[in-house]
1. For A:K316 and A:T141 in one chain, what is 0.36 nm times their gap in residues minus the Cα-Cα distance, to one decimal in nm?
2. Between the chain alone and the structure with every protein chain in place, find the residues of segment B:1-33 that drop at least 20 Å² of accessible area; heavy atoms, 1.4 Å probe.
3. Put a dot 7 Å past each Cα toward the Cβ at B:F151 and A:K400; how far apart are the dots in nm?
4. Could you compute how much accessible area chains A and B hide from each other, both sides summed, with a 1.4 Å probe? Nearest 100 Å² is fine.
5. Quick check on packing: order B:74-85, B:27-38 by the mean number of other C-beta atoms within 10 Å, highest mean leading.
6. Please state the relative contact order of segment B:1-121 as a whole percent: Cα pairs under 8 Å, 6+ residues apart?
7. Could you calculate the FRET efficiency of A:M14 with B:K101 from 1/(1 + (r/R0)^6), where r is the beta carbon distance between them and R0 is 56 Å, rounded to 0.05?
8. Quick one: divide the alpha-carbon radius of gyration of segment B:63-162 by 2.2 N^0.38 Å and tell me what you get.
Amino acid sequence: MILSALNNYYQRLMARQVDGVAPFGYSQEKISFVLLLSKKGELVDVWKILDTTGKRPEARLLCVPQPEKRTSGVKSNFLWDKTSYALGVSSTSKRASEEHLAFKLLHKEALSDVKDPSVVAFLKFLDAWNPADYEKYDRLTRFGDELMDSNVVFRVDGEFCYLHESSVAQKIITQRHREEEQDSKSLCLVTGEEDSIARLHPVVKGVNGAQSSGANIVSFNRENPAFSSYGKVQGDNAPVSINAAFGYTTALNHLLRKGSRQRLQLGNTSVVFWAESSSTANAEAAEGLFSGLLDPSATDDSEADKLRSALEVVAKGRPMRELDPELEDDTRVCVLGLAPNASRLSVRFWESGSLHSFVERLAQHYRDLELQPLPWKREPSVGWLLLQTIPPHERFDNNKNIKKNAHEKVKPNLTGEMIRAVLTGGRYPQSLLANLIMRMRADGDISPLRVALCKAVLVRDARIANKLKEKEIPMSLDIENVEPGYLLGRLFAVLENAQEKALGGSVNSTIRDRYYGSASATPAIVFPVLVRNAQHHLSRLRKDNRGAAKNLAKQINEIVDKLPSFPKSLRIEAQGRFAIGYYHQNKARYVGQESSIEEGVEL
Amino acid sequence: MAYGTRLMVWGERACFTRPEMKVERVSYDVITPSAARGILEAIHWKPAIRWVIDRIQVLKPIRFESIRRNEVGSKISARNVSSAMNAGTTAGLVNYVDDPKERQQRAATVLRDVAYVIEAHFEITEKAGADDSEGKHLDIFNRRARKGQYFHAPCMGVREFPANFRLFEEGEPEPDVSLVGERDLGWMLHDFDFKNGCEPRFFRACMRDGLIEVPPFVSEEVKA
């Protein structure tokens, strides 16, 4: 399904004639130099062709004949290659002469019968060229190391296109592909049609962490019988036609390209998504909305408002066309998460569904997270949420900026399961809650986002298990809630408040710093001590502020009244509720006076 | 359906590997006919019979999970096995996952919490003797399945994921509500043509309300 969806996407890209998508037999490759040849086959000039639209000049992407798959062998590309092949000069390769010989042989063989003047000129150049001549050409040497080992293409003086783009060359390239196809055809399991089967598949480039030369989704190591079945070799293990193999890899490379708006990096997982729609505008609108919802932090404020209204529209069950006439509810969206494993790529997750269902699930996700007062201006992205599971010092550098490698610290499996939960509307990973609680105990950082995540895990679990009798955790302080975890969390917040009021804000280590972890895990051991100590704090406070002391004592009594006893230990879910109760109670202190008035304050 | 039988199978995890993604495994959405045949054969099989899968009813929502494990990267070669047989000792005939040369870390995207009802019948093969009859083998299968007996532990695609089973004798299976509607599952492995160089044959799997009709192995819809 993944490969056929990608292959279909390629067909649509081709039909739409999207820039930068190579036709069959071609590939987009980084080319930095053009060698200009005279009609007689002499090297006349060398041009540097760099793409200067970005911040830094970069090699230009040109559509060239598909590269050979090189791992350790010497195989030459057709009509273009790096300098070690094209010119026999290299600063890294120790077998440049061998490689240049392969380049020569390939072209002599393939082009010997061709009478076209530019091809003849090219062959003449190859005949006459001696790698030792390199030093003599100041046209070449003036670029120094920059030229070395970069990719070059050829152009003959007086022609308007590169050699590989000329009609003669194109004819030869198609012919070469036809020769590759075998006579015996078999069923392609992507398209379901009889076709020539690919022995090896083209590589996929641009997955973070994978080998820079590219990696494969479909691969079978020949020497490794553990990866193949029934003694079948390479492509016979999974018959995929040459066309389909080309289609899906090209589509994937297009999605993963630099600056693509259809990709997102989450931990070590590269996520790509695309919309299936015959109309370009529909597809782009859907992709834009989806990307904005999945990764809102990348957008500005007006964009955030737009996304919020999208969430609202869907939550109300209205069609998204109201928002933007180009948005179709039933546009199919595909999401693919790829994780690198050296030369192989593994599929972390794969989801496809209607745009409407995805927006609904994302809306549900953000609703599950919601706390009052809302602790964020924009909906937090999944990547940002995942960063909550690592210690703050690994998240930020000294200037409070997010560390570059912070995303790598998040447990890789957690990333996959988390995004899967967001996209499918299923349970959040169970390890997430355990992870958060462990982190809060360890670094005492009861941040709003961590609490929100705890709440989301518990709310969603309860909803899926359909525990109607269990009360859903509300967004803000709920004085009716009598769950021990929640109550203890609240009590802990009140006790901390008492300490702060009595001793001021300059205490070296507060009860939170010291007892949060043990209080949430083993209340029976910690709370009696804390409640006793609170009496000292209250008596101290009574001298300065009678009203506050009275109010705090009342709050403590109210909560303790609801507790039958201090439990010996709390399970992980109850510890999650503890965090939420603590957070709610703490926040209630600052939010207006409503909740306190209800509790009858004399302030 | 005269000699048909229905078997309910379920398990915590399952991995019906897609052939194109079997190095970093990704499972098909549902059990394949060949995996279903494997489960039936684990309970009862003789050279005299050949199992044919007719229908597969999916009962639980399709859910995935990804795992990453250390596995061995090679198989023990047949030559080493035969030389061990000659030598009469299995010394050295082993692959350790701890061995850094053998270790391969592989990821797998597998199914979580699956349950199916497999509807199947069998055909008598040319290897059948005079005392082999369909009724006899059906009785043997049903008796064994009822008692929970098997030749080797049936599994959900891979050995690590065992399959529980029981004979589904009455009533209609109730698929999960999430399976309502029609769903194209793409080209799926039907089975191997073992007589013809182990050639894989594929069919276009389509699920209607959780039910997948499996076309006969030799038919127009099944292509090699």
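The values are calculated or read from the model by the stated rules, or taken from the named source; none is laboratory data. Here the structure is a predicted model, which is why all the values come from computation and not from measurement. Cβ: placed from backbone, ideal geometry, glycine included. Neighbour counts: every protein chain shown. Ligands, DNA and RNA are excluded from the accessible area calculation, which covers all protein heavy atoms including side chains. Shrake-Rupley method; radii C 1.70, N 1.55, O 1.52, S 1.80 Å.
1. Result for the pair: 56.3 nm of gain on full extension.
2. Correct list: B:R18, B:P19, B:E20, B:M21, B:K22, B:V23, B:E24, B:V26.
3. 7.0
4. Looking at A and B, the buried total is near 3000 Å².
5. Top to bottom by mean Cβ count within 10 Å: B:27-38, B:74-85.
6. Across segment B:1-121, relative contact order equals 48 percent.
7. Efficiency at R0 = 56 Å is approximately 0.80.
8. On the way: Rg = 20.4 Å, N = 100, 2.2 N^0.38 = 12.7 Å.
After normalising by residue count via 2.2 N^0.38 Å, the value is 1.61.
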